[in-house]
Amino acid sequence: MKIAVIVGSTRPGRNGKAVADWVLAQAAGRTGADYELVDLLDYPLPHLDEPASAKLGAARYSQEHTKAWAAKIAGYDGYVFVTPEYNHSTSGVLKNAIDYLYDEWTNKAAALVSYGMVGGARAIEHLRGVLSELQVAHVQQQLSFSIFTDFENYTSFTPSEMQRNFAGVMFGQLETWAAALRDVRSAVPAAA
């Protein structure tokens, strides 16, 4: 199985890359899935500019950046979304990237990792609603990092040892659901 760890911020000086790198380091050596970094900086998407809804299927994608993003995301069985919390929600760039696609996300699993003043918990709650609409099974265990306690001088990522244990639980849940949903995807007829 393949799992994408998606960096959900493109902001200069972002903390998200350090958090995503830590997530990848915690996943190293796991036998249930291969984890790979997907950085939204490498997929610059303008504000959603597809004339047709993504629910109408990939055949309707008209923009080359959409087709490239879809090709990247479609090959994964699950995702770890690493998101900052901005104004009680996820980042605009992550929400935009999610909105570009539909079938590529559907019937897959996701885990959620956040960071912010209060650990980014509200960003995760927002993402849970968005992912439910896309038929993504989001696992219960989440990781939430506080800028005050998990970052030295608000910038250097220094998570507590306790977070490593939570990460292991999260990966176990994600891999279990991702494997189960492979069977679901194989039973669903392809979109017309």
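Please treat every number below as a calculation from the coordinates, not as lab data. What you are looking at is a predicted structure, and each value in this text was computed from that prediction instead of being measured. Using ideal geometry, Cβ is built from the backbone for each residue, glycine included, and neighbour counts are taken over all protein chains shown.
Could you grab the relative contact order for the chain? Cα pairs under 8 Å, six or more apart, rounded to a whole percent.
Details: 342 pairs, mean separation 42.8, N = 192.
Computed over the chain, the figure is 22 percent.
Which three extents, in whole angstrom, do the alpha-carbon atoms of the stretch 137-180 cover along their principal axes, largest first?
Principal-axis extents of the Cα atoms in the stretch 137-180, largest first: 42, 18, 13 Å.
Could you please report the charge total around residue 160, scoring K, R as +1 and D, E as -1 over all other residues with beta-carbon less than 15 angstrom from its beta-carbon?
Here the charged neighbours net out to -2.
Quick check on the stretch 2-187: of the DSSP beta bridges with both residues there, what percent are antiparallel, nearest 5%?
Percent antiparallel among DSSP bridges in the stretch 2-187 is about 10.
What's the magnitude of the charge dipole for the chain around its Cα centre, counting Lys and Arg as +1 and Asp and Glu as -1 at the beta-carbon? Answer in Debye, nearest 20.
180
Normalising by the residue count of the stretch 1-44, find the relative contact order in percent from Cα pairs under 8 Å and 6+ residues apart.
Computed value for the stretch 1-44: 58 percent relative contact order.
Cα centroids of the stretch 131-192 and the stretch 1-72: how far apart, whole angstrom?
Taking the Cα centre of each part, the stretch 131-192 and the stretch 1-72 sit 14 Å apart.
So what's the convex hull volume per residue for the Cα atoms of the stretch 61-163, in Å³?
Spread over its residues, the Cα hull of the stretch 61-163 gives 112 Å³ apiece.
Within the chain, count lysine pairs with alpha carbon atoms under 17 angstrom apart where the residues are 8 or more positions apart or belong to different chains.
For the chain, qualifying lysine pairs total 7.
Can you order the peptides 1-7, 59-65 by their average number of other Cβ atoms within 10 Å per residue, highest first?
Values: 1-7: 21.7, 59-65: 12.9.
The densest-packed peptide leads the list: 1-7, 59-65.
Please determine, in degrees from 0 to 90 and to the nearest 10, the orientation of helix 16-27 with respect to the longest principal axis defined by the Cα atoms of the chain, where the helix direction is its Cα long axis.
With rounding to tens, the tilt is 90 degrees.
Mean 1/r over all different Cα pairs, inverted: what Kirkwood radius does the chain give, in Å?
16.8
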